[in-house]
Amino acid sequence: MLDTLDLKLLEEVADLHGLPQGAYNIRKNGQAADRKTTANIDIITKKDKPGIDIVVKPGTKEESVHIPVILSQSIGDLVYNTFEIGAYADVLIVAGCGIHNPSSEKAQHDGIHEFFVRKGARMKYIEKHYGEGEGTGQRILNPKTIIEVEEDGIVEIEMIQIKGVDHTVRDTEVRLQKNARLIVSERLLTNLEQTAISNITVELLGDESTAQIISRSVAQDNSHQDFHLNMYGYSKCRGHIQCDSIIMDQAHVTSSPMISALNTDAQLIHEAAIGKIASEQLIKLMSMGLTEDEAEAAILKGFLK
Amino acid sequence: MLEMTNVGVTIEGDNGSVEVLKDINLKFEEKKIYVMTGPNGSGKSSIAKTIMGIYQPTAGKIILDSTDITNMSITERARLGIGYAFQRPPLFKGMTVRDFLNYAAGPDNTIMHCDLLYDVGLCAQDYLEREINASFSGGELKRIEIASILARNLKVAIFDEPEAGIDLWSFQRLTETIANMNIKYDTTIVLISHQERIIRLADEVILVAEGRISGITTQGKILDDIQCLDTGCECRNNCIKGGEDNQCLIL
Ligand SMILES: Nc1ncnc2c1ncn2[C@@H]1O[C@H](COP(=O)(O)OP(=O)(O)O)[C@@H](O)[C@H]1O
Ligand SMILES: [Mg+2]
């Protein structure tokens, strides 16, 4: 079923060496390739549209679900996944899409992920995007992520796209109820002629809800990046947006964090910075024996970690 | 031995060129400790940067153990065993103290992170996995900077105002550590400082003023002059001010 190329893509997007532990669903070139469920985690194919329902039983602890998508040919793939994370469950979900496009036609994956994180549940969601391939065909990934977090729920999201995706538009929407917590960390590197747009909207609906978005990016060559990070405080809540970009070569970066308070007890902060690598940093590392290229790589590696 | 002969440095800036160093002649012998002192803006850091290759000499020669390093890059000089602890170390967002020290040590050397941090008065448990970002105080940054120099096996180590932001208690350990580095690895040490306790480590004291070497003297002579200040004898003409806390040395 899975060949060497598939395994390499799996490793890139899900840190997997072979098949994952726990529940998983592997989608390859628009088809289900392999699936495993556990006593607590069910995966059901949707009947009305392409995609799956992932149902985590209430109280499930320390289990994981891997749902990688791999494309190894040019294809347009659209998928709808729905996640039901039962009350007081604590799970890790690893999604990700790896594209190996050998052709001159485009390969595109649009994933729409909807999450319901029930009362007191905790979810860590990791999404990695990766592209490669000798073909001139474009590699396009457009994820849409919608997350509802009920009372006392905790959601941690890591979104990583480091290499090889030509165009991406990622939309993320999160709604937080009473005492719910959200931490988003986004890492993005673009080079060549790539473009990336990231729209994140967080609504702090319930009292004592908190949200933190930490976005770090590096734009190289002629690539373009555009960040729209929005936070709405409707309650006694706290929110913090931090976006930080390193710009290099002829790249363009736009960063527009926005905070809106609709309640006098909402406390919201945004910080945004764009700049090149400081020459002092390069000089410091060179004075420790690194070449200029090694110093640059070390700085970027740390920044995007 | 590191030798600077008739070294001059002129820097092209936005407002024309600035002659930062003029006719510098210095010899740094193996195993010795030197303290370089002088007023703010006299050129001490510029001498250090010129040795490290951060500033390229526009006149003169720099020789390290009979190798002409005048036109070598920063990286080449670092690989020959020159190290420089910056006066104002930069931040590295995202890079941990552990990674930073590993880069300093180089790929072929294993280092004892905990011992290194202990030597600069930091608790490894609290610091190793922390990012070198704006959450650090000036003193913490300085200590990590110094640790990165201690992590390397150097021929010449330059410390630019290492005392800044470091409390007296840690200071004692720091001076011992620097003295040890000198004994253990035969490292030539150059300390840029105005601090009496650092001057006490010196085999030779180099006085810098207005981009030149204005004298080479002993710690005894310098410290006698400080004594003179403490006992309130009259301030003589060439009083030099410097250091974060603006101590006054009378020469
Ligand atoms: N890169 C530079 N560009 C312009 N002027 C400089 C530069 N570096 C040093 N200088 C000038 O040279 C003089 C000596 O500076 P520095 O070596 O930093 O002094 P010190 O370390 O003794 O306080 C100062 O007047 C400073 O402004
Ligand atoms: Mg200085």
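The values are calculated or read from the model by the stated rules, or taken from the named source; none is laboratory data. This one's a predicted model, so the numbers in the text were calculated from it and none came from an experiment. Cβ sites come from the backbone with ideal geometry, for glycine too, and all protein chains shown count toward neighbours. Protein only, heavy atoms only, side chains kept; ligands, DNA and RNA dropped before computing areas. Shrake-Rupley method; radii C 1.70, N 1.55, O 1.52, S 1.80 Å.
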Quiz item: Short version: ³J(HN,Hα) in whole Hz for each residue of segment B:61-74, in order, from phi by Karplus 6.51 cos²θ - 1.76 cosθ + 1.60 (θ = phi - 60°), x for Gly and Pro, what are they?
Solution: 9, 10, 10, 10, 6, 6, 9, 6, 10, 3, 9, 6, 6, 4
Quiz item: Counting DSSP beta bridges with both partners in the protein assembly as shown, what percentage is antiparallel, nearest 5?
Solution: 20
Quiz prompt | Total charge dipole magnitude, segment A:4-278, about the Cα centre, Cβ charges on Lys, Arg, Asp, Glu only, Debye to nearest 20 | solution = 360
Quiz prompt | Selection from B:MET36, A:ALA273, B:GLY211, by position along the positive dipole direction of the protein assembly as shown (Cβ) | solution = A:ALA273
Quiz item: Long-range amide H contacts for B:VAL208: which residues qualify at under 5 Å (H placed 1.01 Å from N, peptide plane, sequence gap of 5 or more or a different chain)?
Solution: B:THR37, B:GLY38, B:SER214
Quiz item: When the dipole is taken about the Cα centre of the protein assembly as shown, and only Lys, Arg (+1) and Asp, Glu (-1) are charged at their Cβ, what size is it in debye, to the nearest 20?
Solution: 400
Quiz prompt | Sequence-separation-based contact order of chain A, relative, with Cα cut under 8 Å and 6+ spacing, percent | solution = 10
Exercise. Arrange the residues B:TYR127, B:TYR103, A:TYR88, A:TYR125 by how much accessible surface each exposes, largest first, with a 1.4 angstrom probe.
Key: A:TYR88, B:TYR103, B:TYR127, A:TYR125
Exercise. Treating only the Cβ atoms of Lys and Arg (+1) and Asp and Glu (-1) as charged, compute the dipole magnitude of segment B:2-248 about its Cα centre; round to the nearest 20 debye.
Key: 260
Practice problem: Could you tally the net charge around A:VAL79, taking each other residue with its Cβ under 10 Å from the Cβ of A:VAL79, Lys/Arg +1 and Asp/Glu -1? | Solution: +1
Exercise. Select from B:SER66, B:SER42, B:SER148 the residue whose mean-square fluctuation is largest in a Gaussian network model of chain B (Cα-Cα springs shorter than 10 Å).
Key: B:SER66
Quiz item: Where the centre of each part is set by its Cα atoms, how far does segment B:78-110 sit from segment A:198-215, in angstrom?
Solution: 37
Practice problem: Return the long-range amide H neighbours of B:LEU191 (sequence gap of 5 or more, or a different chain), with a cut-off of under 5 Å between placed amide H atoms. | Solution: B:TYR34, B:VAL35, B:MET36, B:PHE159
Quiz prompt | segment A:129-151 and segment B:8-45: distance between their alpha carbon centers, rounded to Å | solution = 54
Quiz item: How many percent of DSSP beta bridges within chain A run antiparallel, rounded to 5?
Solution: 5
Quiz item: Of B:THR75, B:ILE149, B:ALA124, which is farthest on the positive side of the dipole of chain B, counting Cα position, with +1 on Lys and Arg Cβ, -1 on Asp and Glu Cβ, and the Cα centre as origin?
Solution: B:THR75
Exercise. Could you go through segment B:202-215 in sequence order and give the Karplus-derived ³J(HN,Hα) for each residue, using 6.51 cos²θ - 1.76 cosθ + 1.60 with θ = phi - 60°, rounded to whole Hz, and x for Gly and Pro?
Key: 6, 7, 9, 10, 9, 9, 10, 8, 6, x, 10, 7, 9, x
Exercise. Express the relative contact order of chain B as a whole percentage, based on alpha carbon pairs under 8 Å and six or more residues apart in sequence.
Key: 25
Practice problem: Just read off the accessible area of A:HIS17 with the full protein assembly in place, 1.4 Å probe, to the nearest 10 Å². | Solution: 140
Self-check item: Highest-fluctuation residue, A:ASP207, A:ASP90, A:ASP48 considered, GNM on chain A with Cα pairs under 10 Å
Solution: A:ASP48
Quiz item: Taking a probe of 1.4 angstrom, what is the accessible area of B:CYS123 in Å², to the nearest 10?
Solution: 60
Quiz item: Do any GluC sites (Glu not before Pro) in segment B:1-100 lie in a loop, going by DSSP, with at most 16 other beta-carbon atoms within 10 Å of their beta carbon, and if so which?
Solution: B:GLU29, B:GLU30
Self-check item: Span from the segment A:253-305 Cα centroid across to the segment B:47-61 one, whole angstrom
Solution: 30
Quiz item: Using modelled amide H (1.01 Å from N, peptide plane; none on Pro or chain starts), what sits under 5 Å from the amide H of A:GLY76, excluding residues fewer than 5 places away?
Solution: A:GLN108
Exercise. State the antiparallel share, in %, of DSSP beta bridges confined to chain B, rounding to the nearest 5.
Key: 60
Exercise. Kindly write out, for segment A:90-103 in residue order, the coupling ³J(HN,Hα) from the Karplus curve 6.51 cos²θ - 1.76 cosθ + 1.60 (θ = phi - 60°), rounded to whole Hz, with x marking Gly and Pro.
Key: 9, 9, 10, 10, 10, 10, x, 9, x, 10, 10, 10, x, 10
Exercise. Only loop residues by DSSP count here, and only those with at most 14 other Cβ atoms within 10 Å; note down the trypsin sites (Lys or Arg not before Pro) in segment A:41-103 that meet that.
Key: A:LYS46, A:LYS47
Exercise. For chain A, set up a Gaussian network in which alpha carbons nearer than 10 Å are linked by springs, and say which option among A:THR145, A:THR291, A:THR60 fluctuates the most.
Key: A:THR291
